[in-house]
Amino acid sequence: MVVGGAVARDSEKPQDDCGAADEPATTAAARILAARLGAVHDLRRGIADGDDSDEAVHALRVATRRAGAAFDGFEPLLPARRAAWFEARLKRLRRAAGKVRDLDAILEGLRSEDQEGARPNRSADVARAIEIVAGKRAKARRALGQAVDRFPGSRTWQAHANKLIHAIERLESAPPFDRLAAERLGGIVGRFFTAVADGAGDTDALHAIRIRAKQARYAIEIFAPTPSPPRQRALATLEHLQDLAGRCIDQATAAARFARWARGAKARADRKTFSRLAAAAAAAAATARERTVAWLTPRRLSQLHRDVARLQRA
């Protein structure tokens, strides 16, 4: 079984949601954080109004990630307590949306297998698996709805956002954007290279690399806003790595869930179905990890390192 990929691309974002080389760092931080916190609020409201589509759930999850990346990137400029207030709430919302997204990916893979299945018995047990997973997805979606309902209301969210923005704008000793950009870009992308150096010997290690790749890509989007060949190459490399590793992570997540559901299934037929699916997903995860590791060559890493160095000097 092959688990489906993401239902929306992380790179879908407003084109003006990045820094500008000729503006103060505080101005860029205030503008970007306001835009990203506003995006989370708007997407959360859509979920609260009953949008049950996998696209809406994934878009909310990506918005919380991108807001978190802005908090990470502009950390030296932010009041710690106010930033922590937002980061805790973004994390809870991201986790709730992530549980739904994982089940959406599993359902996409099951439905693909159901359409391609040639044997009636396989089609029947995949259909049964779809029925069970759809029920679990509905439960996770209700939990997301509860998380959204507990999320701060519009007035509270806006009031906290305004206080955060005003605190940033009142800073008097902030560095210029280009200097902050070079420092933060080097540090955040450096975490990615450290994760790669630690190796991708198992799925957890590859997952850590993927997380750092996302953070590096988000940092480049914010801190290297001027279009250039090094920027284009770096973003393309990180995004392709993220996609390759994501296939492995999706399969590994599916395998773990199938195995757990097999152990908890009451009906023998359901145990057999989920055991078969777990074995297939685990094999697919291993293959995807090998392909990712093979693609991430020393030559590609060296080129990425050179491109990031150029972006820091730009």
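The values are calculated or read from the model by the stated rules, or taken from the named source; none is laboratory data. Everything numeric in this text was worked out from a predicted model, so none of it was measured. Glycine gets a Cβ as well: all are built from the backbone with ideal geometry, and neighbour counts include every protein chain shown.
Quick notes on this structure:
- Single residue of Arg260, Arg233 found to be over 19 Å from Asp178 (Cα atoms) and touching a residue at least 60 places away in the same chain (Cβ under 8 Å): Arg233
One line per residue, one yes/no per condition, for (1) at pLDDT below 95; (2) within 22 Å of the chain's Cα centre (by Cα); (3) on the phi > 0 side of the Ramachandran plot:
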{"position": "Leu90", "(1), (2), (3)": "no, yes, no"}
{"position": "Arg95", "(1), (2), (3)": "no, yes, no"}
{"position": "Gly109", "(1), (2), (3)": "yes, yes, no"}
{"position": "Ala118", "(1), (2), (3)": "yes, no, no"}
{"position": "Ser123", "(1), (2), (3)": "yes, no, no"}
{"position": "Lys136", "(1), (2), (3)": "no, yes, no"}
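- Candidates Ala205, Ala254, filtered to the one that is assigned by TED's automatic domain parsing to the domain that holds Val189 and in contact (Cβ under 8 Å) with a residue 12 or more places away in the chain: Ala254
- Whenever a residue of region 76-99 is more than 23 Å from His58 (Cα to Cα), its partners that are small (Gly, Ala, Ser) and surrounded by 18 or more Cβ atoms within 10 Å (Cβ to Cβ), lying with C-beta atoms within less than 8 angstrom and at least six residues away or across chains, give the pairs Leu77/Ala25; Leu77/Ala29; Leu77/Ala174; Leu78/Ala29.
- Hits in region 133-157 (condition: surrounded by 17 or more Cβ atoms within 10 Å (Cβ to Cβ) and not basic (Lys, Arg)): Val133, Ala140, Leu144, Ala147, Val148, Phe151, Trp157
- Scanning region 209-263 for residues that are assigned to a loop (DSSP other than H, G, I, E, B) and buried (at least 19 other Cβ atoms within 10 Å of the Cβ) returns Ala224, Pro225.
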